[in-house]
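Have a look at the structure below before the remarks.
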Amino acid sequence: MQDAGFERLLMQWNKEQNDRPMPWKGEKNPYKVWLSEIILQQTRVEQGWAYYERFVKKYPDIRLLAKAKDEEVFKLWEGLGYYTRCKNLLHTARFINKNYKGKFPSTYEKIVALKGVGPYTAAAIASFCFDLPYAVVDGNVFRILSRVFGIATPIDTTEGKKQFKELADKMLDKKSPGLYNQAIMDFGATVCKPMLPLCAGCMLNKICKAYQAATVNKLPVKEKVLSKKQRWFSYFIFEAGEKTFVRKRTEKDIWQNLFEFYLIESASHREWDKKMIADFLKQQLGIDSHEVKLITTAASQQLTHQHIKGHFIVVKLNNIPPKLKTKDSLWLSAQEMAHLPFPAFINQHLETKNVQPALF
DNA sequence: AAGACGGGGAA
DNA sequence: TTCCCAGTCTT
């Protein structure tokens with residue numbers, strides 16, 4: 001395939017027009033680059049920015065991160081999503097601290113072997129920190145290459161991934177891989193954007209196949225359509241004295257390692273009134289005496305593959321029922337709870353003051 | 001090869 | 001609402 005000076009034009013754009021400041025830009029410290037790349041996986045720069053700064057401030061080096069308590073790190077990650085990233089972050093920090101004496105590995109093979117580090121992240125670290133010739137292939141690169149070279153191969157297929165990776169490797173500026181990788185991602189984020197790309201003023205529009213064919217908004221091609229699962233969560237917030245019932249989500253599901261209240265899940269909408277609550281508490285938990293303080297209106301949150309809806313029901317108890325004294329249950333004060341990470345779905349309820357009691 | 005995994009911003 | 005984001009891991 002004719003490259004038509006893609007690399008030269010991209011680097012020219014970078015030199016003349018790229019003005020995109022980011023806290024990790026130009027960073028050579030592999031710990032900080034690694035941290036930023038993990039935070040930025042499937043996450044917008046604007047969303048990850050403040051998280052990166054908080055992490056660097058709290059854990060200036062990998063040793064301090066390795067020695068931190070799990071809950072403390074998860075609390076700092078709270079709200080960022082994809083929480084296995086946080087789990088792997090801690091695992092890898094401790095792994096490097098123990099096995100590499102705190103020194104970040106400097107070869108691609110060793111970097112890509114780290115938990116939570118795939119081909120993209122390894123290429124980013126290797127090129128930014130060690131000037132190794134590995135091309136990053138992220139969402140920006142798929143989009144730019146498919147448009148500039150007019151490639152309609154679906155990017156979410158094995159064949160597509162292979163084709164774009166080969167092209168990306170071919171285009172890479174082997175003399176300055178770090179600069180090139182930074183440039184192509186900045187270009188994708190600021191010019192060759194997913195929606196409303198700035199084609200008119202684009203320095204590459206003369207060589208861009210999609211621009212010439214007016215197919216920019218058709219590329220890149222994705223084959224799969226994602227289906228969404230509907231779930232309904234009824235959260236009972238049990239309060240006994242100053243303590244609230246809380247448990248850790250350990251099952252293989254969303255929000256693993258985060259905390260929550262007592263959960264009843266149903267496949268579809270479930271409405272509660274005082275009588276249903278009384279029956280449920282009596283039959284399932286052996287609770288005789290209680291006071292329903294609040295039944296919220298439906299709360300809702302969109303996730304990528306799921307749509308979560310549900311109620312929060314605040315119930316005041318006179319004492320802690322035996323059935324809620326299991327091994328995985330915690331009864332905590334508000335202050336203790338404040339140190340724990342919760343899903344955004346729950347935090348949005350906790351922070352919302354406009355919860356209005358349902359009529360009952 | 002397909003599915004799972006969050007949350008938020010923009011259109 | 002839908003799409004997509006500096007992807008990776010599991011099944």
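Using a Cα-Cα cut-off of under 16 Å, which aspartates and glutamates could be cross-linked to residue A:224, ignoring same-chain neighbours fewer than 8 residues away?
Partners found: A:156, A:159.
Of A:302, A:319, A:267, whose Cα points farthest to the positive end of the dipole of the stretch A:229-351 (charges on the beta-carbon: +1 Lys, Arg; -1 Asp, Glu; origin at the Cα centre)?
Going by the Cα projections, it comes out as A:267.
Using the number of other C-beta atoms within 10 angstrom as an exposure proxy, rank A:276, A:195, A:337, A:11 with the fewest first.
By the 10 Å Cβ count, ascending: A:195, A:276, A:337, A:11.
Test of understanding: what is the full-extension gain from residue A:41 to residue A:195, defined as 0.36 nm times their sequence separation minus their Cα-Cα distance?
53.5 nm
Express in nm, to one decimal, how much length is gained between residue A:67 and residue A:304 on full extension, taking 0.36 nm for each residue of separation and deducting their alpha carbon distance.
That works out to 82.0 nm of additional length.
As an exercise, use a Förster radius of 51 Å and the Cβ-Cβ distance of residue A:58 and residue A:218 to find the FRET efficiency, rounded to the nearest 0.05.
0.70
To make sure I understand the rule: partners must be lysines, Cα under 28 Å from the Cα of residue A:218, and not fewer than 8 residues away in the same chain. Which ones qualify?
A:161, A:162, A:165, A:170, A:193, A:206, A:209, A:228, A:229
Need one number: convex hull volume per residue for chain A, Cα atoms only, in Å³.
Cα-based convex hull of chain A, divided per residue, equals 166 Å³.
Any idea what the dipole of chain A comes to, in debye rounded to 20, about its Cα centre with Lys/Arg Cβ at +1 and Asp/Glu Cβ at -1?
480 debye
Projecting each Cα onto the charge dipole of the stretch A:6-218 (Lys/Arg +1, Asp/Glu -1 at the beta carbon, about the Cα centre), which of A:100, A:141, A:26 comes out farthest on the positive side?
A:100
Convert each backbone phi in the stretch A:323-338 into a coupling constant with the Karplus relation 6.51 cos²θ - 1.76 cosθ + 1.60 (shift: θ = phi - 60°), then list the ³J(HN,Hα) values in order as whole Hz, x for Gly and Pro.
So the J values, rounded to whole Hz, are 5, 10, 10, 7, 5, 9, 9, 10, 10, 10, 6, 4, 5, 5, 5, 5.
Taking R0 as 41 Å, what FRET efficiency do you get between residue A:82 and residue A:294 from their Cβ-Cβ distance, rounded to the nearest 0.05?
Calculated value: 0.85.
Every read-out reported here was derived from the displayed coordinates using simple, explicitly stated rules and does not represent laboratory data. Here the structure is a predicted model, which means the values were calculated and not measured. Here the Cβ is made from the backbone with ideal geometry for all residues, glycine too, and neighbour counts use every protein chain on show.
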